[in-house]
Each structure stands twice: as structure tokens, then as C-alpha cells.
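Encoded as C-alpha cells, the structure appears first; notes follow it.
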Amino acid sequence: MSIESYRVGQIGEEMAVQYLQERGYRIMERNLHIVKTEVDIIADKEGVTIFVEVKTRSREDYGTGSEAVTQRKQKQILKAAMAYVRDWSPIRFDVIAIRIDPRTKKALTITHHPNAFSY
């Protein structure tokens with residue numbers, strides 16, 4: 001991963017956190033490393049623990065951010081969720097895909113996919 005790709009990812013995660021907070025989500029964890037997986041954001045809304053994968057793109061040469069959340073990645077996030085949740089509280093898996101302008105680093109689109117995948 002290039003430094004530029006890493007920076008774009010960080011910018012996108014900041015945008016996703018702000019987006020979620022503006023909609024009443026409480027951010028519980030960021031960039032949590034658990035069972036060999038990094039979960040970008042763990043949030044809570046109305047008693048539901050939400051595991052959020054953020055994909056940020058400045059170009060879509062290799063597909064959209066949403067398309068980048070493969071079944072393999074979904075399984076990793078599910079495994080991390082099972083290790084994280086200690087009780088029977090409801091959980092959900094969301095994807096936030098962000099497209100940014102490569103020059104200004106400002107969001108062009110933010111697409112939130114609640115319940116993007118299930119277990």
C-alpha cells in the first residue's frame with residue numbers, strides 16, 4: 001500500500017466517523033485489531049453494535065469501495081465481531097463507501113450501506 005493510499009484511507013475514515021456521529025451513532029472503537037483483523041469502526045446506535053468497514057477511493061479503476069468488501073473480508077469482520085461481542089446484543093455489519101476528489105481530498109459521495117452483509 002502506498003503512502004497516498006494510506007492517507008486517502010485515513011481521510012475516508014475521518015469522514016465516515018463524522019458522518020456517523022452526525023446521524024446519532026456513538027463511536028466505540030476505531031481501527032481495532034482483533035483476531036488478526038482490523039475493524040475500521042465499531043459504533044452503537046439504539047443498542048445495536050455496528051461493525052463498519054470503510055472503503056475510500058479517489059479513482060474507481062478497480063471498482064467501487066463497496067465492491068472491495070469481498071466475502072473473505074466479510075468473514076474476517078464476522079470473526080472479529082464474534083470475538084468482540086460478549087453477550088447476545090444485536091449486531092450489524094455496514095459498509096461506507098467514500099469517493100473523494102484526488103486533488104482536494106473532499107468527499108464527492110458518501111454511500112452508507114446498512115446491513116451490507118449478514119452472518
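The values are calculated or read from the model by the stated rules, or taken from the named source; none is laboratory data. Source: prediction; values computed, not measured. The area values use the complete protein model at the heavy-atom level, side chains included, leaving out ligands, DNA and RNA. Shrake-Rupley method; radii C 1.70, N 1.55, O 1.52, S 1.80 Å.
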Legend entry - One residue from Ala116, Ala97 being more than 15 Å from Val8 (Cα to Cα) and either of a type outside the set (Lys, Arg) or modelled with pLDDT of 95 or more (or both): Ala116
Inset, instruction - Run down Arg99, Arg103 and say which single residue is farther than 21 Å from Leu20 by Cα and open to solvent by 50 Å² or more (accessible area, probe 1.4 Å). - result: Arg103
Inset, instruction - Could you please find all residues in region 1-37 being among the acidic types (Asp, Glu) and modelled with pLDDT of 95 or more? - result: Glu13, Glu14, Glu22, Glu29
